[in-house]
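Report on one structure; see the data block that follows.
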Amino acid sequence: MTGERFARSVVISGFARSDVGRRLNRESLDLTIDACLDAVADAGLTPGDIDGLVTWPGELTGAMTGFGNPGVNAVQDALSLNLEWYATGASEGFNVLGSFIDGCMAVATGLARHVLVYRTVTEATYQGRRRRAASVGGDRERSGSWTQWLAPYGAASAANWAALQAQRHFHVYGTTEQQLGAIAVQMRRHAALNPDAIYRDPMSLDDYLAARVISTPLRLFDCDVPADGAHAFVLSHADYAPDAPHPVRVDAVAASRHGTGSWVFRDDMTTMAAHDTAARLWHETDLRPQNVDLVQLYDGFSIFPLLWLEALGFCEPGESGAFVEGGQRIAIDGDLPMNTAGGQLSEGRYLGWGLLHEACVQLRREAGGRQVADANVALVAGGGGNVAQSLLLTRHG
């Protein structure tokens, strides 16, 4: 199937999101059903047309922390679906956009014709009810996990791991705090144009530098903001595209990882799994970096977009700091518009699914005041550290 570039057999026939924001105090299933029903309608379909269903994580993982979402059993019953294919459940590591790729494979191989993919988080509400530490860390001290070596030192948070990558990039390439801050500041400018964003107030580089340090060199605004919301997408066979109201085409997908499954034992800490995934993505398409009109790069921490820019070939190794400095090149009217809805740093942490949603909005030319001119090709990158997936999407027609 790889040689046939299976992703081209798939379109996003519809997509939608529920109410999104900070501490909505709504049940996860409630948000999920809102997003799913709207996505199905957006595709010009009814629930009776949906014959595939997939999500990650399943209902048994993270359900009590706001990180998990309803499993396929609950959603199938709520929507009265008759399924020919489904997939769910926990996987070791952080899946991010992997369930989207699973859905693409199901459609391309004929296991299902219309697959509903969804992801829901209610982390902000959960953290509002309990202290933040209760919703992170989980079982990271379990025996046998590489994180057992970090937990005794209080390094259970991914912020500590990302900070090591940032420190190494600073040391090897001379990247600066001001360059890192340019990402957070520019994302806030984009979020000001997005009524759904959590952080919309102006922020200067001085504001960024004045914020407290979380894990050197990462400051408060280098870290994404917990949020509540559900995102849903309908993946259909490409032959449905003429009947879909406004489809988005899937051109290529990738999810490679070489060498190690660990975050901290990679041979070169200035790289991450993004570099493996990016190489595979360009192998799966005739498009090249110069064909991409906008990028939605996973920004759980601001160091990640820098590494993604280098991995994807938008700049040479060590040059991403200079690339983003000042923010002009990654602005909506810049050379490479990035995270045009504000990204996870300002719109909210939807664990990659908000970035995918924004890419589709842009390709359908529905972004209003933050619309990228002539948006025809969008690249979406999910994950950081030891996990990465990437997608190339194109405008239909």
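All of the numbers you see were taken from the coordinates with simple rules; none came from a lab. What you see is a predicted model, and the numbers here were worked out from it, not measured in a lab. Note that we place each Cβ from the backbone using ideal geometry, even for glycine, and neighbour counts take in every protein chain shown.
Once Cα Rg over 2.2 N^0.38 Å is calculated for the structure shown, the corresponding label among (1) 1.46; (2) 0.92; (3) 1.01 turns out to be (2). Considering all C-alpha pairs of segment 243-303, those separated by over 17 Å amount to 55%. Springs between Cα atoms under 10 Å define the GNM used for the chain, and in it the highest mean-square fluctuation of Y86, Y298, Y153 occurs at Y153. Between R22 and S80, the distance separating the two model label sites (each 7 Å from Cα on the Cα→Cβ line) works out to 4.0 nm. The residue among L81, P242, L205 whose Cα reaches farthest toward the positive pole of the charge dipole of the chain, with charges on the beta-carbon of Lys, Arg, Asp and Glu, is L205. Using the Cβ-Cβ distance between L220 and H171 with R0 set to 22 Å, the FRET efficiency works out to roughly 0.45. Given +1 at the Cβ of Lys and Arg, -1 at the Cβ of Asp and Glu and no other charges, the dipole of the chain around its Cα centre is 760 debye to the nearest 20. Each Lys and Arg contributes +1 and each Asp and Glu -1, all at the Cβ; summed about the Cα centre of segment 198-291, the dipole is approximately 180 debye. Using a Gaussian network model of the chain with C-alpha springs under 10 Å, which one of L79, L281, L312 is most mobile by mean-square fluctuation? Highest fluctuation among the options: L79. For segment 194-283, a/c is not less than 1.5, where a ≥ b ≥ c are the root eigenvalues of the C-alpha gyration tensor, and a/b does not top b/c. That puts it in the oblate class. Principal-axis analysis of the Cα atoms of the chain puts helix 353-363 at an angle of about 70° to the longest axis. Answer rounded, prolate or oblate for segment 267-397, using the Cα gyration tensor with square roots of eigenvalues a ≥ b ≥ c: rounded when a/c is under 1.5, else prolate when a/b is larger than b/c, else oblate. It is rounded, given that a/c, with a ≥ b ≥ c, falls under 1.5.
Between 0 and 90 degrees, the angle of helix 273-283 with respect to the longest Cα principal axis of the chain falls at about 50 degrees. For the chain, the longest principal axis of the C-alpha atoms and the axis of helix 98-108 are separated by about 30°.
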